[in-house]
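The values are calculated or read from the model by the stated rules, or taken from the named source; none is laboratory data. A quick note: this is a predicted structure, and the numbers were derived from the prediction, not measured. Cβ atoms come from the backbone with ideal geometry, glycine included; neighbour counts cover every protein chain shown.
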Amino acid sequence: MINPVKQENISVFDILKIGIGPSSSHTLGPWRAAERFLTTIDRIGIDRVLSVKVLLYGSLAKTGKGHGTDVAVLLGLCGEDPVTFDVNEINPRMEQIRNHKKLLLNGKKNIDFDVLTDMVFLYQESLPFHPNALTFLCSFSTGEEIAETFYSIGGGFVVKENEDTGGGRQIQLPYPINKAADLLAATQATGLGISGVVMLNEKEWRPDEETKQGMLKIWGVMRDCTFRGSHIGGVLPGGLNVSRRAADLNKKLTAGQTYNNYDEWLAVIKSGGQSFKYTLDWVSCFALAVNEENAAFSRVVTAPTNGAAGVVPAVLQYFIAFCDGYTDDQIVKFLLTASEIGSIFKKGATLSAAMGGCQAEIGVSSSMAAAALTEALGGTAEQCLMAAEIAMEHHLGLTCDPVGGLVQVPCIERNAMGAIKAITAAQLALQSNPGKARISLDQVVNTMWETAQDMNHKYKETAEGGLAMQLPVSLIEC
C-alpha cells in the first residue's frame, strides 16, 4: 500500500505529460515501464537476448485489452516514444507483430514473440504493492535470466519493485509543497499567486523561459486535440460501438459557418455570444472531443490521467473562448496552477483509479481545473484552494466502472461533467469568503484517500462492478 503525504519533488511536467490514449495508468505507464526495462537489457547486451515474456497482473490484466496495455508494452519494447510515435502507425505495427510473431527489440534486434503466449494476462493474480503490476522476463544466450517488476501507480508514474517512491530528483526546492497548507504558506511568504510559487520551484529544474515554452507545448497538444476531436465523427474502436458526438455538436453550434484553422474556429465560437446554454454546450463539446480522441488512441495530455484528460483543456478552452484568456502568460499560469493541485493529490492520496476509483481521475482533474480557473479569473490563493476543495468534495466516492474495460462509457461523459463542476466550483469560490469555509482542501485530500481505501475493489478499474456489469458480455468485443 502506497504511503500518502510524502516528500516528493514533482515538476509540472510530471503531472502534465504528452502521451497516447486511452489510459495513463494502463497505457502510458506500462509503455514507460517497457522503456525502463530496455535500459536493463541494453546494459546486459541486447544482442544476447533470446526471449522476452510479459506478465500482467490485477487491474492491468482485467482491463488491459480495453485500455491498450498490450499495445503500449509492445511499442515500448520496440523502443518507440509515446510523445512522438505516429498514432496512425499503431494498428499497422501491431498487425505486423501479431502476424510475423517477431518483435524488434529497442529497434535493434528481432526476437521471436507470440502475442498469444508471450503476453500473459493473469486475471486472478494481484501483487500487494499496487493493482497495476507487470513483470518482464528475459533470457539471454549466456544462460542468464532476469525478471523486473514495475507498478503503474497512476498518471503515467511508474516505480520499480523495491524502488523508493518518494525519492524523486534529489534537489532542494525553495518552497517544498506536500500539502495545500504548504502551498498557502508559500503564497503568503512570497506575495505571489500559486502559479508564481510554482515557477520559483521550477527554476530548480530549468530556466523560466524553458518552463514557459514547455507549458505552451503542452497547451499546443491540448488545443490540437480539442480541435481535431471536434471534427472527427464515426464510431470508437473496441466493440461497444460508441458513436463520437463532439463533431456533431460542433457542427450544430457553428451552424454552417466556415473556418480553416483553430484561430478561425475560436472566432466563430466567440461570435455566438455567451448565453448559458451556448456556453454549456461548448464546454461539453471541448471535453467530449478530447476524450473521444483519447479513446481512439490519439495523442493527448495526461492531466493528471488520460481517462480524465478532457477536463483541464475543456476548462482552459472555456477560459480562452468566453473569458478572453488567450494570451501565453494566462495559459502558462493556468497550467502551472492546475499542475500543483494535481501534485498535492498525488502526494496525499492517489492518481490511480485502480487504487481510488474515478475520484482519483475525474475528481482530481476537476479540482485542478477549478483552482486554475479561479486564479486565471483573479481569485486569491485562498479562493483557488477553496475551488479545488469544492470540486473534489462533489466527486468523493466516484467509482471507476468502465464498460467493457474501455475508457468510453461512462468515462467520456464524466469529463464533460468534471469540467462543468470545475467551472461551478470556481464561481462559487470567487463569490465566497474562504475564511468561512468549514472544510479545507487538505481535509478533502485526506477524505479522498480514506474513501479510496474503503472502496470495494470491484469499483476500482476492474470492470467487475457498477455500470460495467450492465451490458451483456455478448455485445462487447474484448
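Go through segment 439-463 and give me each residue that's in a loop (DSSP other than H, G, I, E, B) and either among the hydroxyl-bearing types (Ser, Thr, Tyr) or buried (at least 17 other Cβ atoms within 10 Å of the Cβ) (or both).
Ser440, Met455, Glu461, Thr462, Ala463
Please name all residue pairs, on different chains or six or more residues apart, with Cβ atoms under 7 Å, provided the first residue is in segment 257-280 and is without any contact (Cβ under 8 Å) to a residue 24 or more places away in the chain and the second residue is aromatic (Phe, Trp, Tyr).
Tyr259/Trp265; Val268/Tyr259; Gly272/Tyr278
If a residue must be closer than 22 Å to Lys460 by Cα and surrounded by 24 or more Cβ atoms within 10 Å (Cβ to Cβ), how many such residues does segment 29-60 contain?
Here the count works out to 9.
Can you run down the residue pairs with Cβ atoms below 6 Å, 6 or more apart or on separate chains, where the first is in segment 78-95 and part of a helix (DSSP H, G or I) and the partner is among the charged types (D, E, K, R)?
What qualifies is Val87/Arg299.
Return yes when Val159 is of a type outside the set (Gly, Ala, Ser), closer than 20 Å to Ser11 by Cβ and outside any loop (DSSP other than H, G, I, E, B) and no when it is not.
yes
I'd like to check something: does segment 419-428 contain any residue that is in the same structural domain as Leu184 (by TED's automatic domain parsing), closer than 19 Å to Lys458 by Cβ, surrounded by 24 or more Cβ atoms within 10 Å (Cβ to Cβ) and within 16 Å of the chain's Cα centre (by Cα)?
Checking segment 419-428: not a single residue is in the same structural domain as Leu184 (by TED's automatic domain parsing), closer than 19 Å to Lys458 by Cβ, surrounded by 24 or more Cβ atoms within 10 Å (Cβ to Cβ) and within 16 Å of the chain's Cα centre (by Cα).
Report yes if Pro313 is assigned by TED's automatic domain parsing to the domain that holds Val407, closer than 18 Å to Lys17 by Cα and not in a helix (DSSP H, G or I), otherwise no.
So Pro313 fails the test.
Would you mind telling me which numbered condition in (1) closer than 22 Å to Val364 by Cβ; (2) in contact (Cβ under 8 Å) with a residue 40 or more places away in the chain; (3) not assigned by TED's automatic domain parsing to the domain that holds Leu28 Ser152 fails?
So Ser152 meets the others, but not (3).
When you check Phe37 against the structure, is it out of contact with any strand residue (DSSP E or B) (no Cβ under 8 Å at 6 or more places or on another chain), in a helix (DSSP H, G or I) and aromatic (Phe, Trp, Tyr), yes or no?
When the stated conditions are applied, Phe37 does not pass them.
Can you list the helices (runs of 4 or more DSSP H) lying wholly within segment 316-431 that have 2 or more residues being at pLDDT 95 or above, acidic (Asp, Glu) and in contact with a helix residue (DSSP H, G or I) (Cβ under 8 Å, 6 or more places away or on another chain)?
Here the list reads 328-348, 381-393.
When you check Gly310 against the structure, is it of a type outside the set (Ser, Thr, Tyr), surrounded by fewer than 24 Cβ atoms within 10 Å (Cβ to Cβ) and either touching a helix residue (DSSP H, G or I) at 6+ places or on another chain (Cβ under 9 Å) or free of Cβ contacts under 8 Å to residues at least 24 places away in the same chain (or both), yes or no?
No, not satisfied.
Being on the phi < 0 side of the Ramachandran plot and surrounded by fewer than 22 Cβ atoms within 10 Å (Cβ to Cβ), is that true of even one residue in segment 73-82?
yes
For segment 394-416, does any single residue satisfy the condition of being closer than 25 Å to Tyr326 by Cβ and assigned by TED's automatic domain parsing to the domain that holds Ser343?
Checked segment 394-416: at least one residue is closer than 25 Å to Tyr326 by Cβ and assigned by TED's automatic domain parsing to the domain that holds Ser343.
Testing Gln257 on (1) farther than 14 Å from Phe286 by Cα; (2) crowded, with 16+ Cβ neighbours inside 10 Å; (3) not charged (D, E, K, R), one condition comes back false. Which one is that?
The number of the failed condition is (2).
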